[in-house]
């Protein structure tokens, strides 16, 4: 029964159906290829005692009668196997359609969330007012803004996808890596859940800054992450840390004049982490242009594993 999958009712029915279909084929094969100890020459048969001859005759009659029963049993098992396989497959298909719809909904929610983050970030970075007048220049500005937003969303989703691949590749033995999880009304980009209570879980929020790095926006994101972390600790696991991971391009990462809060990205990181140490969350910056070269050890250092 080791080939039967008990993890899900549809998988159970499909795997049981396959096992029964295999058995229905194996039974007649076994019957046709087994001699049942009846292969004996006439001379040897004549030399046997009458009692032994009677036993062989009885056994022969039973084997002959099985030729009518075996096909019937095999046919019934085959039909049952096909029925269970079909039933399980249909259940899986119905469930898969719902899962696909849920995935589509989750992706759309993710897109909306990224678009909101983009809009919020642009407001903080530029301080510009919303467009009010329906002039030709303003229409062009709206179109450019929409193109930039769509480009940002696509890049953000691609960053998240690639980062998910790295986490799955490097840490699948140590953590259950979960992407786009919901808890109450909050969405978590990544959760690295350790099966051991003594090892801290990792709550990861991923962001992408295309140009400027905003102090106020980064602070707002860390505050949001600290709320999510407290909710996770109270409902899932007490031992957990939060990391806001922001991907930026090389020109920002290597800059020596970030803004008036800090001279470079490392000082900026220390400044923000110093303000949020008590909340159990940290901010980490990664160079997006060196993304392909991220190693397991470098991610370990970022997540303090």
- Does residue 189 count as under 30 Å from residue 287 (Cα atoms), modelled with pLDDT under 75 and touching a strand residue (DSSP E or B) at 6+ places or on another chain (Cβ under 9 Å)? no
- Task: Report yes if some residue within the range 221-235 is in the same structural domain as residue 173 (by TED's automatic domain parsing) and modelled with pLDDT under 85; otherwise report no.
- Result: no
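Which of the residues belonging to the range 196-206 are in contact (Cβ under 8 Å) with a residue 24 or more places away in the chain and surrounded by fewer than 21 Cβ atoms within 10 Å (Cβ to Cβ)? It would help to see each step written out before you state the result.
Going residue by residue through the range 196-206, those that are in contact (Cβ under 8 Å) with a residue 24 or more places away in the chain are 197-206.
197, 198, 199, 200, 206 - these are the residues of the range 196-206 that are in contact (Cβ under 8 Å) with a residue 24 or more places away in the chain and surrounded by fewer than 21 Cβ atoms within 10 Å (Cβ to Cβ).
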- Query: Looking at the range 173-194, which of the residues that are in a strand (DSSP E or B) and without any contact (Cβ under 8 Å) to a residue 12 or more places away in the chain is farthest from residue 305 (Cα to Cα)?
  - Reply: 182
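The values are calculated or read from the model by the stated rules, or taken from the named source; none is laboratory data. All of these numbers come straight from a predicted model, not from anything done at the bench. Glycine gets a Cβ as well: all are built from the backbone with ideal geometry, and neighbour counts include every protein chain shown.
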